[in-house]
Amino acid sequence: MGQTDGTCASWCLAVLLALHFLCFPASWLGNAAGMPWGNLMSVEGIRWYCAHIPSILCTPVLAYVVPLIVLAGAVERSGVGEMLRSRFSSGHFHLTYRQRRALGFSFGFFLLVMVAVILSVKGPMPVLLSVTGRVYPSPFFNALYQSVPMGLTFAMMAYASLCGHLRGWHECLSVLYWGVGRHAVWLFITVLSVWLFKVSAYVCGMWEVPAGL
């Protein structure tokens with residue numbers, strides 16, 4: 001993670017933590033002033049806070065953030081990011097024969113994955129449609145967002161292996177988890193953001209928060 005990204009992440013963490021801890025005295029002051037707020041410092045508020053910790057840590061929002069982080073790490077580790085940076089900095093796109101072959105194979109692999117996903121709803125055996133035959137809601141619709149970045153990730157792993165950027169199976173497999181190690185702070189930021197939203201919703205009297213969070 002670059003210095004700019006690290007600074008941005010640090011500021012996000014600082015702001016989220018500050019707002020999170022300010023919710024406690026603010027909820028007490030608002031409740032004492034007669035406002036219809038939930039008091040996090042009351043017995044009921046403490047019980048609500050502790051009861052919701054597991055659901056917040058397992059927030060479904062992570063299902064959308066994790067694939068992006070994995071994909072970002074795959075771009076860095078596979079050498080695709082370096083290849084694109086050299087293209088934009090030098091103004092010309094020069095690839096070796098091995099890189100061209102690897103890029104063509106990985107692109108074909110990604111297209112094959114996408115065709116397989118599409119055939120799962122449009123083919124003769126639409127296994128990912130709902131029981132009523134609809135695209136939404138269905139297993140296909142639920143997994144569509146994750147299918148694209150994961151397909152790109154595996155395609156980049158194939159590129160890194162075929163072009164010789166990474167050697168050995170253990171280095172090639174590192175493409176899959178490189179982003180988690182490099183950008184894990186954004187996972188924590190995601191959890192803190194959802195946590196702050198739910199705590200604020202409780203304080204403001206919104207007992208029912210969106211199930212998708």
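So here's what we get for this one:
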| quantity | calculated |
| --- | --- |
| Restricting segment 59-122 to chymotrypsin sites (Phe, Trp or Tyr not before Pro) in coil, as DSSP defines it, with at most 16 other Cβ within 10 Å | 93 |
| Angle between the chain longest axis and helix 62-78 axis [Cα atoms, degrees, rounded to 10] | 40 |
| Helix-only [θ]222 nm of the chain, DSSP H runs n ≥ 4, -39500 (n - 2.57) each, per residue, nearest 500 | -24500 deg cm²/dmol |
| Most mobile listed residue (53, 69, 189) in the chain, GNM with C-alpha springs under 10 Å | 53 |
| Degrees between helix 97-122 axis and first principal axis of the chain (Cα, 0 to 90, nearest 10) | 60 |
| Helix 3-32 axis, angle to the chain major axis (alpha carbon atoms, nearest 10°) | 20 |
| Over the chain, relative contact order from alpha-carbon pairs under 8 Å, at least 6 apart, % | 36 |
| Percent of alpha-carbon pairs separated by more than 32 Å within the chain | 41 |
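Here, each number is a calculation from the coordinates, and none is a lab measurement. All figures in this text were calculated on a predicted structure; none of them were measured in a lab. Cβ atoms come from the backbone with ideal geometry, glycine included; neighbour counts cover every protein chain shown.
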